[in-house]
Each structure stands twice: as C-alpha cells, then as structure tokens.
1. Which numbered condition in (1) more than 30 Å from residue 209 (Cβ to Cβ); (2) under 17 Å from the mean Cα position of the chain (by Cα) is the only one that residue 75 fails?
2. Of the numbered conditions (1) open to solvent by 90 Å² or more (accessible area, probe 1.4 Å); (2) closer than 17 Å to residue 120 by Cβ, residue 47 fails exactly one; give the number of that condition.
3. Has segment 203-219 got any residue that is aliphatic (A, V, I, L, M), out of contact with any Leu (no Cβ under 6 Å at 6 or more places or on another chain), surrounded by 19 or more Cβ atoms within 10 Å (Cβ to Cβ) and within 30 Å of residue 51 (Cβ to Cβ)?
4. For segment 126-145, give me each residue that is without any contact (Cβ under 8 Å) to a residue 40 or more places away in the chain and among the charged types (D, E, K, R).
5. For segment 133-147, which positions are buried (at least 24 other Cβ atoms within 10 Å of the Cβ) and small (Gly, Ala, Ser)?
6. Any residue at all in segment 148-166 that's touching a residue at least 40 places away in the same chain (Cβ under 8 Å), open to solvent by 20 Å² or more (accessible area, probe 1.4 Å) and among the basic types (Lys, Arg)?
7. Look at residue 119 and say whether it is of a type in the set (Lys, Arg) and open to solvent by 40 Å² or more (accessible area, probe 1.4 Å).
8. Tell me which residues, restricted to segment 21-38, are assigned to a helix (DSSP H, G or I), open to solvent by 100 Å² or more (accessible area, probe 1.4 Å) and under 16 Å from residue 117 (Cβ atoms).
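The values are calculated or read from the model by the stated rules, or taken from the named source; none is laboratory data. Not measured: the values here are computed from a predicted model. Glycine gets a Cβ as well: all are built from the backbone with ideal geometry, and neighbour counts include every protein chain shown. Remember, those area values only see protein heavy atoms, side chains included, never the ligands or the DNA or RNA. Shrake-Rupley method; radii C 1.70, N 1.55, O 1.52, S 1.80 Å.
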Amino acid sequence: MTITSPPTRWYRTVLFRAALFLAIGVFAMLTFLVETTPSFLVDLQITLAIQSIDSPFFEGLMRLISWPGFLPQSIIITLLTAFILYMYGLHRESVTSLLAALFSGVTNELVKNIIQRPRPTGDLVDVFAVLKSYSFPSGHVMFYVSFFGFLWYLAYTLLKRSWKRSLLLGFLGGFILLVGVSRIYLGQHWASDVLGAYLLGGLILVGIILFYQWGKKRFFLRQPVAPHDSTARFSDD
C-alpha cells in the first residue's frame, strides 16, 4: 500500500476544498442569473447546434441515454441496484446508494420549485416530448451524477483492476457525461440547466461519498463480508 506524504496530503486537501468552494460559488452565481434573467442567448445557440446533428443513430443514442432517468425505470433501477449490492454483502453500499438517489431527487424538486424556470418551448427548439415540471436544474443529470457517480466510485474503489472493471467504469462514466447532451438534444433542458445540475449533483456526490466513508467506521463495523464466490465474481479477471 502506498503511503502519501503529509505535504502531498495537505496539497490535495487544499485543492479539493478550493474546487468545492469554486463549484458552490459557480452554482450560486448561475442560480442567481437563471432566476433573474428570462433566457440566455447562448442556451439557444447550444441547443440549435446540438440539434443540427442529423443522424438517426445519434437520436436513438440520446433517447437511450435519457431513458433510465424517467419514471418508473429510475426507481426500478435504483431499487434493483441496491438489492444486488445488499445480496453481495455490501450493506452500507446498498443503503448509501438509496440515499444518493433519494437526496438527489428531493434536492432537485426543491430547487426546481424555488426557481420555477420554464422548460424550452417548441417555438424555439425541437421538443421531443413536453414535460410539465420545471427546468432548472436537470433532474436526469443530478440523478446520474449522484447515483451512477456513486456506483462509479464503488466500482473504482472496490473492484480489482481488470477489463470488466474498466468496461463498467467506462459505461457508467459515459452515461454521466452523455446525459447532459441528451437532455439538451431532446429539447427538454437548456445548457444552463444541465450545467447547474452537474454542479449541484457533483456537490451531492461529494457529500454522499464523505457520508459513506464516515459511516464505515460508525454504523457498519459488523457488516458481514460478501461470500467468497460472490466476491470472486466482482474481482475475477
């Protein structure tokens, strides 16, 4: 096991805190602008540029990327994932994954109802399906960053290096990165909605990971170890 020197740990801590405060500041500024400005020209320009991609494959990919974030599949995926983690003996991981999805959804609804920003309309961009909820920030992006982001963290920290681990990390990372483009392409969010969701979702993810690490030493000291054959499935090359 590699031991990090104190100066390196200090540098990483300072860098982490600076990035955290920067994200909070940018989100606060963006939220203020969204609440006080009816629309941004750059939002429209970005949407039109993305929607100018004329490809059936790209359209199908964008629809596929967004599909897991809609109800009821988002709930089914969350519960099924938590169940699988629990059955493998990963009890704290199961509970924390549920908290990630729940806290993301509650926070998103709270901010949306405070800001009450309308969604893009069909007279400005192509809207593939009209949604009745508010626009800022994107619930899909927040859910993907918080929930799938936590699963990415678990895969990175718990699994041995292998092509299966790399494939899983790439799959989860791809979903997280592409969902923002998907929400804009489908005409259901502006780019500023997506940016705000990545920032707020990222902050929630950091909080979830810190809670998970803190809880390891306090609430799950007697967590049973996953069965040997189950662990082998996770770590098999």
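1. Failing condition for residue 75: (1).
2. Only one criterion is unmet by residue 47, namely (1).
3. yes
4. First, the residues of segment 126-145 that are without any contact (Cβ under 8 Å) to a residue 40 or more places away in the chain: 130, 132-134.
Residue satisfying the conditions is 132 alone.
5. Selection gives 138, 139, 146.
6. Yes: segment 148-166 contains one or more residues that are touching a residue at least 40 places away in the same chain (Cβ under 8 Å), open to solvent by 20 Å² or more (accessible area, probe 1.4 Å) and among the basic types (Lys, Arg).
7. So residue 119 fails the test.
8. Answer for segment 21-38, where residues must be assigned to a helix (DSSP H, G or I), open to solvent by 100 Å² or more (accessible area, probe 1.4 Å) and under 16 Å from residue 117 (Cβ atoms): 29, 32, 35.
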